[in-house]
């Protein structure tokens, strides 16, 4: 790696990077296990669920989108997800993990939240999708209700960017710069 590239990486990581109050820079997210539902596993067209553990968030650069089970929460950071799709990041080095808090859904819409998550897994089979029936992740990470959090992790699972709520265009650009620098 060239020295000038290392200097620009150092400058990038020392600049004013957004962090939600409940995430520590250069540390892993709080440990959490989702047992009720969990990660969606696609086999053919059949969906099954497997226990998900935050300790699995290593090995690749990741963006975690932790969202309430509401369409309004999904829309909050849709521009960030569109930026990720447009970047066409290498699947061998990058992974999006979407964690849906089914416990924070509008009353009576739980079945819709589940079927929507399953449809998304079929459409984006390479993405990691976790359905959290009890809101375990939101509780462990102290996430806001009815919201969407974006967390960028490095290959070791350490937080490099985090915001709970809607990202501005500047924050989206900042997060994408960090992702690209980590790749």
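The values are calculated or read from the model by the stated rules, or taken from the named source; none is laboratory data. Source: prediction; values computed, not measured. Every residue, glycine as well, gets a Cβ built from its backbone with ideal geometry; the counts of neighbours run over all protein chains shown.
Checked against (1) over 17 Å from the mean Cα position of the chain (by Cα); (2) more than 22 Å from residue 23 (Cβ to Cβ); (3) not in a loop (DSSP other than H, G, I, E, B), residue 75 passes all but a single condition, namely (1). Listed conditions (1) loosely packed, with under 14 Cβ neighbours inside 10 Å; (2) outside any helix (DSSP H, G or I) are all met by residue 58, apart from (1). Only one of the numbered conditions (1) surrounded by fewer than 16 Cβ atoms within 10 Å (Cβ to Cβ); (2) at pLDDT below 95 is violated by residue 82, and that is (2). Scan region 131-170 for residues that are outside any loop (DSSP other than H, G, I, E, B), farther than 30 Å from residue 47 by Cα and touching a helix residue (DSSP H, G or I) at 6+ places or on another chain (Cβ under 8 Å) and the total you get is 4.
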